[in-house]
Amino acid sequence: MHASVLKYFVEVARCGSVRKASENLFVAASAVNRQILKLEDELGAELFDRIPNGMRLNAAGERLLRHVQSTLHDFQVTRSELDALKGERTGHVKLASMDSFFVELLPSMIEEFSQLYPAVTYTIASFSPMEVVPQLQSGRFDVGMSFVGRLPAGIEAVALAALPAGVVMAAGHPLAAKTAISLADCAKQPFLRSLGQPPIASTMSREFAQFWDELEPVVTCNWTTMVKRLIIAGKGISFFSKIAFIEELTRGDVVWRPFDLPELNDLKVGILVPSHRALPNVTQNFVGRLARRLKQLEAVAATL
């Protein structure tokens, strides 16, 4: 059986849903479903019970899952041993990122990469968007992920995606009827601020910078998970890219609307690296795969 088919099977088993598995894998749900059906056909047995709210492993599926997990584990151990003998596929990836990428993109990326490079270790740290570039400049981190404005000398963007910040609110919120949201609209609503610092530099939008300075939020919190819960509960609105809300937007729990300011709608997120020093080979490989996943995320977000 092809490794990708087994990967699809394990993810559907973990999620209990073809749709959720496809989102985590950044693959069309139809493709995942097709591979599951093909696997069942090859084995001559159904592996899941199809229930109203998803997929549940049956006895045959549970037996196969145990076998697959054992096989994958043994394979990773063997490859780690061989890599250690050759001195290859080792290294340490150091990445600084705004926390929206911690919701799904970075965890799924590390899961994927660790399958290929099980001996690699990671330092992944969360910073406000404005702090990511200084972390790269300091040399503490080799890779950054953040909103991208005018970059200083020595820092370059190796991948960009149109995932601007907008207004996130609970489904049914009065502002959801608008196609674009003004800062004046936002000023009339209870606001949930995820960070003390503004998400973008004041030079990118003077109007937004002034709004941020004058803002009196009902809640200020540096934990995205808590802010998301309060948004869904209808306790206020907040500013986020779609990155952190893919699952909630898909379920219809929240609504995302763009600002009516062109400079904010043109905002992109990117993968940043230092341009004056060469990255380790493993880190370069990680960045290449991360760039592909970022473009996949951009395509998914565009449909929501």
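The values are calculated or read from the model by the stated rules, or taken from the named source; none is laboratory data. Keep in mind it's a predicted model, so treat the numbers as computed, not measured. Every residue, glycine among them, receives a Cβ derived from its backbone with ideal geometry; neighbour counts consider all protein chains shown. Remember, those area values only see protein heavy atoms, side chains included, never the ligands or the DNA or RNA. Shrake-Rupley method; radii C 1.70, N 1.55, O 1.52, S 1.80 Å.
Just need a number here: residues in the stretch 109-120 that are open to solvent by 10 Å² or more (accessible area, probe 1.4 Å), part of a helix (DSSP H, G or I) and of a type outside the set (Val, Ile, Thr).
The total comes to 5.
So Gly252 fits all but one of (1) modelled with pLDDT of 90 or more; (2) surrounded by 14 or more Cβ atoms within 10 Å (Cβ to Cβ); (3) of a type in the set (Gly, Ala, Ser); what number is the exception?
(2)
Determine which single condition Ala209 fails, assuming it passes every other condition in (1) open to solvent by 50 Å² or more (accessible area, probe 1.4 Å); (2) assigned to a helix (DSSP H, G or I).
(1)
Quickly run through the stretch 212-224 and pick out the residues that are surrounded by 12 or more Cβ atoms within 10 Å (Cβ to Cβ) and either among the hydrophobic types (A, V, I, L, M, F, W, C) or part of a helix (DSSP H, G or I) (or both).
Trp212, Leu215, Val218, Val219, Cys221, Thr224
Out of everything in the stretch 266-304 that is part of a loop (DSSP other than H, G, I, E, B) and without any contact (Cβ under 8 Å) to a residue 60 or more places away in the chain, what residue ends up being least open to solvent (accessible area, probe 1.4 Å)?
Out of the qualifying residues, it is Arg277.
On the basis of being part of a helix (DSSP H, G or I), open to solvent by less than 10 Å² (accessible area, probe 1.4 Å) and more than 25 Å from Pro107 (Cβ to Cβ), does Phe245 make the cut?
no
Filter the stretch 57-101 down to the residues that are more than 29 Å from the chain's Cα centre (by Cα) and outside any helix (DSSP H, G or I), then identify the one that is modelled with the lowest pLDDT.
Gly87
Listed here are the residues, each with its yes/no results for (1) modelled with pLDDT under 90; (2) under 17 Å from Leu261 (Cβ atoms).
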position	(1), (2)
Val133	no, no
Arg140	yes, no
Val167	no, yes
Leu175	no, yes
Pro198	yes, yes
Ala209	yes, yes
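How many residues are open to solvent by 10 Å² or more (accessible area, probe 1.4 Å) and under 30 Å from Gly234 (Cβ atoms) when one looks only at the stretch 129-163?
Selection size over the stretch 129-163: 4.
Could you tell me which residue of the stretch 164-180 is surrounded by the fewest Cβ atoms within 10 Å (Cβ to Cβ), considering only residues that are closer than 22 Å to Glu214 by Cα and small (Gly, Ala, Ser)?
Ala180
How many residues, within the stretch 1-27, are open to solvent by less than 60 Å² (accessible area, probe 1.4 Å) and either among the hydroxyl-bearing types (Ser, Thr, Tyr) or modelled with pLDDT under 85 (or both)?
Matching residues across the stretch 1-27 total 11.
Among the residues of the stretch 246-258, is any in contact with a helix residue (DSSP H, G or I) (Cβ under 9 Å, 6 or more places away or on another chain) and free of Cβ contacts under 8 Å to residues at least 24 places away in the same chain?
So far as the stretch 246-258 goes, yes, one or more of its residues are in contact with a helix residue (DSSP H, G or I) (Cβ under 9 Å, 6 or more places away or on another chain) and free of Cβ contacts under 8 Å to residues at least 24 places away in the same chain.
Take Leu183 and tell me if it is more than 20 Å from Ala96 (Cβ to Cβ), crowded, with 17+ Cβ neighbours inside 10 Å and in contact with a Pro (Cβ under 9 Å, 6 or more places away or on another chain).
no
Residues that are within 15 Å of the chain's Cα centre (by Cα), within 30 Å of Val254 (Cβ to Cβ) and not aromatic (Phe, Trp, Tyr): list the strands (runs of 3 or more DSSP E) wholly contained in the stretch 121-177 that include at least 2 such residues.
121-126, 143-148, 155-161
Conditions first: (1) more than 26 Å from the chain's Cα centre (by Cα); (2) closer than 20 Å to Ser108 by Cα; (3) basic (Lys, Arg). Arg14 passes all but one, so which condition is the exception?
Arg14 satisfies every listed condition except (1).
Could you please let me know if Ser22 is among the small types (Gly, Ala, Ser) and closer than 19 Å to Glu111 by Cβ?
Considered against the rule, which asks whether it is among the small types (Gly, Ala, Ser) and closer than 19 Å to Glu111 by Cβ, Ser22 comes out as yes.
Could you list, in sequence order, the residues of the stretch 37-54 that are open to solvent by 90 Å² or more (accessible area, probe 1.4 Å), in a loop (DSSP other than H, G, I, E, B) and at pLDDT 90 or above?
Glu46 - this is the single residue of the stretch 37-54 that is open to solvent by 90 Å² or more (accessible area, probe 1.4 Å), in a loop (DSSP other than H, G, I, E, B) and at pLDDT 90 or above.
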